[in-house]
Structure formats: C-alpha cells, structure tokens
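Single-structure report; data block below.
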Amino acid sequence: MNTDALRGHMDALLLSVLEHEPLHGYAIIEALQERSGGVLSVPTGTVYPALRRLERIGYLDSEWATVGGRRRRTYRLTEAGRKALAGERSAWQTFAGAIGSVLLPRRSPSP
C-alpha cells in the first residue's frame, strides 16, 4: 500500500499496535504488516520518526532493553497515548462511515 494513503493515520496505527504490549521498532513494523494481512509495509524511515514524535508529545515512553541478545529501544503506550488512541478510533469510525456512504453503491429504491 502506498505510504501516502497512510498519511494522517500513522499515529493511530502505531498507538494501536502498542496498546497491549511494549515493542521495539522492528517488531512494530512486523505487527503492522501481520495485522494488516501483509497489506501494510511501512518503511523504517516513516516509523522511527513517528515513534520519536509520539514520545516527545507524551503518548509513548521508551526504554532500552535487550531483545534476542540485541539492545533495542522498546516503546510503550502512556495514559495520554491511550486517550489519544480512543480519540483516533472514534475519528476513524466517523471518517470510514462517511467515506463508505459515498463510495459504496447505493441501493435502488424498491418499486
């Protein structure tokens, strides 16, 4: 999928992937791909700057951890991040409903 199509939705995707467990950057990329059935293949050059930005605004915390013998920065959702995710989900449902109303074929009125 074109990364331009994800513009405006990356924050919600990242927050959602981190909702249940802390993950390091590469695991986040893998989770996005797995949870999307292979449709989302997001480059590291998109993910890592977004993670750092979400941390700066307080939606994520991070710490260094050793994973598989390698030292990696692991990210986790903060309480502010959980609230932001709830807002993103609500906004997405409204957006998806509106777009679906336009794109999906309309039923013809019954005679």
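Do the conditions hold for residue 15, that is, is it in contact (Cβ under 8 Å) with a residue 60 or more places away in the chain, surrounded by 14 or more Cβ atoms within 10 Å (Cβ to Cβ) and in contact with a Leu (Cβ under 8 Å, 6 or more places away or on another chain)? Show your work before the answer.
Details: in contact (Cβ under 8 Å) with a residue 60 or more places away in the chain: yes; surrounded by 14 or more Cβ atoms within 10 Å (Cβ to Cβ): yes; in contact with a Leu (Cβ under 8 Å, 6 or more places away or on another chain): yes.
Here the answer is yes, as residue 15 does meet what is asked.
Give the residue that is nearest to residue 21 (Cα to Cα), with candidates limited to residues of the stretch 67-104 that are without any contact (Cβ under 8 Å) to a residue 24 or more places away in the chain and touching a Phe, Trp or Tyr at 6+ places or on another chain (Cβ under 8 Å).
78
Within the stretch 51-68, how many residues are at pLDDT 95 or above and among the hydrophobic types (A, V, I, L, M, F, W, C)?
So the count comes out to 4.
Looking at (1) of a type in the set (A, V, I, L, M, F, W, C); (2) exposed (fewer than 10 other Cβ atoms within 10 Å of the Cβ); (3) under 20 Å from the mean Cα position of the chain (by Cα), which one does residue 104 not meet, given that it meets all the others?
Here residue 104 meets the rest and fails (3).
How do the helices (runs of 4 or more DSSP H) wholly within the stretch 1-40 filter down when requiring 1 or more residues that are of a type in the set (Phe, Trp, Tyr) and modelled with pLDDT of 90 or more: which remain? Don't jump to the end; show me each part of the working.
Details: elements: 3-6, 10-17, 25-35.
Helices (runs of 4 or more DSSP H) meeting the threshold: 25-35.
Restricting to the stretch 41-62, what's the tally of residues that are in contact (Cβ under 8 Å) with a residue 40 or more places away in the chain, farther than 13 Å from residue 73 by Cβ, not in a helix (DSSP H, G or I) and not small (Gly, Ala, Ser)?
First, the residues of the stretch 41-62 that are in contact (Cβ under 8 Å) with a residue 40 or more places away in the chain: 41, 43, 46, 50, 54, 59-60.
Now drop any that are not farther than 13 Å from residue 73 by Cβ, which leaves 41, 43, 46, 50, 59.
Checking the rest, the ones that are also not in a helix (DSSP H, G or I) come to 41, 43, 59.
Among the residues that remain, those that are also not small (Gly, Ala, Ser) are: 43, 59.
Adding up the residues that qualify gives 2.
Which of the residues belonging to the stretch 70-111 are under 17 Å from residue 57 (Cα atoms) and in a helix (DSSP H, G or I)?
79, 80, 81, 82, 83, 84, 85, 86, 87, 88
Hey, any hits in the stretch 19-37 for a residue that's surrounded by 15 or more Cβ atoms within 10 Å (Cβ to Cβ) and of a type in the set (Asp, Glu)? If you could, list the steps in order and put the result at the bottom.
Just the residues of the stretch 19-37 that are surrounded by 15 or more Cβ atoms within 10 Å (Cβ to Cβ), to begin with: 22-25, 27-29, 31-32.
From the residues that got through so far, the ones that are of a type in the set (Asp, Glu) too are none.
So far as the stretch 19-37 goes, no, none of its residues is surrounded by 15 or more Cβ atoms within 10 Å (Cβ to Cβ) and of a type in the set (Asp, Glu).
The values are calculated or read from the model by the stated rules, or taken from the named source; none is laboratory data. As the structure is a computational prediction, the values presented were derived from the model and not from experiment. Reconstructed Cβ throughout: ideal geometry from the backbone, glycine too, with neighbour counts over all protein chains shown.
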